[in-house]
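Accompanying notes for the structure given below.
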Amino acid sequence: MDVTIEVQGDNATIGLIGEVDAVASPELRATVLGALDGGVTNITFDCAELTFIDSAGLSVLVEAHQQAQLRWGHVTIKTPSTTLLRLLEITGLDQELTVERG
């Protein structure tokens, strides 16, 4: 997994490239928490190049959502694949997170 981050004020766009699994999720979690600790309140996960995500990766998205809400912010999932979109629907996260379809 590769992660990119672009911060503009209180907004961060985190690009997810490749696979987010149990091995990669701690790095993503650290990136998310670092951004939030730096003053970010709104996070957009750009998933255009995400090829796989498992429950560990989904848990990072949930934690990001919870932490953003504590800061009066929100999380957006941008350009999810059909598979990710289905996972969000199955877990009900599509009702909690803002989803921008590509």
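A few remarks follow.
- Residue that is surrounded by the fewest Cβ atoms within 10 Å (Cβ to Cβ) [pool: residues in the range 1-28 that are farther than 25 Å from L70 by Cα and either of a type outside the set (A, V, I, L, M) or touching a Cys at 6+ places or on another chain (Cβ under 8 Å) (or both)]: D2
- Members of the range 54-76 found to be surrounded by fewer than 16 Cβ atoms within 10 Å (Cβ to Cβ) and over 18 Å from D37 (Cα atoms), listed by number: D54, S55, S59
- The range 29-48: number of residues that are loosely packed, with under 14 Cβ neighbours inside 10 Å and among the hydroxyl-bearing types (S, T, Y): 0
- Enumeration of residues in the range 63-98 that are at pLDDT 95 or above and of a type in the set (A, V, I, L, M): A64, A68, L70, V75, I77
- Sole residue being on the phi > 0 side of the Ramachandran plot, polar (S, T, N, Q) and surrounded by fewer than 19 Cβ atoms within 10 Å (Cβ to Cβ), chosen from T79, T51, T83: T79
The values are calculated or read from the model by the stated rules, or taken from the named source; none is laboratory data. What you see is a predicted model, and the numbers here were worked out from it, not measured in a lab. Cβ atoms come from the backbone with ideal geometry, glycine included; neighbour counts cover every protein chain shown.
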